[in-house]
Amino acid sequence: MKFDKSVLWLVPAMLVAGAGISASELSMDEYRAHVVKLASDEFEGRKPASRGEEKTVAYLTQQFKRLGLAPGNNGSFVQQVPLVEITAAPDASLVFKTRGEKQATRYGEDMVVWTKRVVPDIEVRDSPLVFVGHGVVAPEYGWNDYAGVDMRGKTALILINDPGFADNDPYLFRGRAMTYYGRWTYKYEEAQRQGAAGAIIIHETAPAAYGWDTVQNSWSGPQLDQASADGNMGRLAFEGWITLDRATGLLASVGQNFDALKARAQRKGFKAVPLDATASAKLRNGIRRSNSANVVATIPGASQPGEYVVFMGHWDHLGQSLAGKGDTIFNGAVDNATGVSGLLTVASAMMRDAVKPARTVVFLAVTAEESGLLGSAYYADNPIFPLAQTVAVLNMDAMYFGGPTKDVAVIGFGASELEKYLGVEAAKQDRVLKPEPTSERGFFYRSDHFNFAKKGVPALYFDLGLDDRENGRDFAEKQREDYIKARYHQVGDEIAAGSDLRGGFQDLQLHYGVGRTLAMERTFPEWNAGNEFKAIRDRSRAIMK
């Protein structure tokens, strides 16, 4: 999006906002110091409900106090988030029986299974296996992968991503751009609604957007979830992933071809395929209940204190590997020491500004993003500040290392009027807005702003672009893919002495500029027409009026 007349309506607000300090006065030294600190081994990988959390929450609270911000939760800087931690014993088993023959699988190597039910052990025996394509029920697309099949007591074998991904068909869902139906979270939720006993997703690197290593690191060891009143007994008895090779072999053993089944699942009218196979799962669980913390600080609004602009980033990462040798700490430098350091850096700049915001500015560092966006989900269900009066959420998640770029990659491009504000700020840096280059990976549904969007609050999420100003597009794309393959959710996500933070810092300046403009005006930006969250927002705002 280049600067054009469509953004001139913002000029009065920009002139007001320009009365204070500019985004150029954010401190790179301050930003780098926070990233180095939070990504250090001292914080033990910032795992929720661990010593790493204690140190992280203490550090954030100390920094907000030092800057002079007000506690955001009735005199406290923390919002307690009740969690339950379930750790499956390494002898967790998943056994298939095909035509009378048992096929055992290896935990971690072939599959990963778990249960969200808060029980010491669970066993499912001889559950009939059904291939359900993408496992999607989407009336607006005229799609129902479960039509005509009774899943009660059965186990769903499911493809990752959306039906439109493989053929890049722009008329099938959103083509390669992932919708929420493509997310693994949705697939387990839908299988649960269908009455299934279990659900197993077939892993493929391209449509999942990450390799099997990420599955192993993310879904083995302690798993966190919100603590529900019924102990999550309404959830599936077991959930899991299986490698593509193992799934292909399993299907072949019952006379089915994976590629042929997948091709059928791309077409409207697909019918689920009962397989001549059963699945049995057995798990023993260690259970630990705990509280984690969202950290909340505010700059109270000078004239419109009952309206809120939220800067948000998640402070947590994966903690430490159970491997026990070599480097075992998941430092999470990019994901997300950068984002939470951005919160502190923006807060510092706003506190130095002689012109205080008209609206209340909220700095929200949420927990348990890596465990399924749990901290932001808890806040959205238990908001400290009314969501209908929350103007917008600006999400800082994984501000990539690298140099300045000519573009800004907008996640969920075209979603809301917030992109007009972003366009104004980007023009100041001689940058243009572009759609995210990997919309098929569903990043809009994979970060904390999504829980606010589901409640109707307009949300903005963007990344460093892919047109490197100094080294070109090919260089930037290679750097991004290298991070995804070699460091994302791995122990290699670290910061070194020569790590280039300039590009992420430019994005931080954009966050500051957009947020400060919103904090100084009276407009409530809206979702664009046709967006799935617009009706929710319209209803909530109508009630407030």
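Only one of the listed residues (ALA380, ALA415, ALA388, ALA368) is in contact (Cβ under 8 Å) with a residue 60 or more places away in the chain, of a type in the set (A, V, I, L, M, F, W, C), touching a strand residue (DSSP E or B) at 6+ places or on another chain (Cβ under 8 Å) and over 16 Å from PRO435 (Cα atoms). That residue is ALA368. For ASP381, the stated conditions do not hold, so it cannot be described as in contact with a helix residue (DSSP H, G or I) (Cβ under 9 Å, 6 or more places away or on another chain) and either buried (at least 24 other Cβ atoms within 10 Å of the Cβ) or closer than 23 Å to SER348 by Cα (or both). Checking ASP407, ASP353, ASP327 one by one, the residue that is more than 20 Å from the chain's Cα centre (by Cα), of a type in the set (Asp, Glu) and under 19 Å from PHE64 (Cβ atoms) is ASP353 and no other.
Yes/no per residue for (1) in the same structural domain as TYR379 (by TED's automatic domain parsing); (2) in a loop (DSSP other than H, G, I, E, B); (3) within 19 Å of LEU343 (Cα to Cα); (4) β-branched (Val, Ile, Thr):
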site	(1), (2), (3), (4)
LYS434	yes, no, no, no
SER447	yes, yes, yes, no
GLN490	yes, yes, no, no
LEU510	yes, no, yes, no
VAL514	yes, no, yes, yes
THR517	yes, no, yes, yes
THR523	yes, yes, no, yes
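Take the conditions (1) buried (at least 19 other Cβ atoms within 10 Å of the Cβ); (2) at pLDDT 95 or above; (3) within 30 Å of GLY153 (Cβ to Cβ); SER93 misses just one of them, which is (1).
Scanning the range 149-165 for residues that are at pLDDT 95 or above and either more than 15 Å from GLU239 (Cβ to Cβ) or among the polar types (S, T, N, Q) (or both) yields VAL149, ASP150, ARG152, GLY153, THR155, LEU159. A residue that is touching a Gly at 6+ places or on another chain (Cβ under 9 Å), touching a residue at least 12 places away in the same chain (Cβ under 8 Å) and not in a loop (DSSP other than H, G, I, E, B) cannot be found anywhere in the range 282-289.
Residues that are within 21 Å of LEU224 (Cα to Cα): find the strands (runs of 3 or more DSSP E) completely inside the range 64-141 holding 1 or more of those. In the range 64-141, 78-88, 93-98, 111-114, 121-131 are the strands (runs of 3 or more DSSP E) which contain 1 or more residues that are within 21 Å of LEU224 (Cα to Cα).
Report whether or not LYS454 is assigned by TED's automatic domain parsing to the domain that holds SER341 and within 17 Å of the chain's Cα centre (by Cα).
yes
The values are calculated or read from the model by the stated rules, or taken from the named source; none is laboratory data. Remember, it's a predicted structure, so these values are computed and weren't measured experimentally. Backbone-built Cβ (ideal geometry, glycine too); neighbour counts: all protein chains shown.
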